[in-house]
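Report on the structure given below.
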């Protein structure tokens with residue numbers, strides 16, 4: 001992370017407003033039509049598996065995870081992951097990802113799904129979901145649908161529609 005002293009902390013309810021402003025700045029209003037946001041409309045992210053990056057008291061990044069199902073299999077949906085533009089390319093996003101995956105695995109979650117660039121996310125174990133194995137609501141570029149197994153073989157025999165984990169729905 002170059003010469004920056006970055007602290008990764010579990011998100012708290014008090015972080016919500018600052019994170020929403022960060023999302024507005026980095027993703028804009030078009031974010032609400034994306035497939036992943038359509039799932040987020042129905043279920044809250046898990047605070048204990050969502051993290052912030054701070055330099056001093058300044059919030060410079062965030063990653064969230066929420067409960068979903070792929071078919072009948074429980075999983076997590078990772079995202080959004082964002083870092084303030086002046087602080088990008090300094091390892092902050094990678095540090096947020098590593099913490100999110102480490103804590104998810106420690107809590108015995110087995111699968112994490114996201115929509116993103118394979119070249120970036122493959123560094124932490126994500127790979128493309130094979131065509132036809134999972135479907136998302138609304139428009140999605142299936143070349144960007146990625147999965148990480150937190151337990152060996154966890155994605156074997158898993159397929160189906162990606163939906164909120166209704167047992168956790170609002």
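Each reported figure results from applying straightforward, stated rules to the coordinates on display, with no laboratory input. Everything quoted here is computed from the prediction, not taken from an experiment. In this analysis, Cβ positions are derived from the backbone assuming ideal geometry, glycine residues included, and neighbour counts consider all displayed protein chains.
For this structure, a couple of remarks:
- Computed from Cα atoms, the angle from the helix 16-27 axis to the main principal axis of the chain rounds to 80 degrees.
- Computed helical MRE - 222 nm, the chain, DSSP H runs ≥ 4 contributing -39500 (n - 2.57), nearest 500: -6000 deg cm²/dmol
- Ranked by how many other beta carbons lie within 10 Å on average, peptides 109-115, 127-133 from highest: 109-115, 127-133
- Answer label, with Cα extents along the principal axes in Å calculated from the coordinates and candidates [x] 56, 50, 35; [y] 41, 41, 30; [z] 44, 31, 27: [z]
- Between the range 142-170 and the range 115-130, the Cα center-to-center distance that results, in Å: 14 Å
- Site pair residue 94 and residue 168 shows an inter-label distance of 2.7 nm when each label is modelled 7 Å from Cα along Cα→Cβ.
- Relative contact order of the chain: 26 percent, from C-alpha pairs under 8 Å at least 6 residues apart in sequence.
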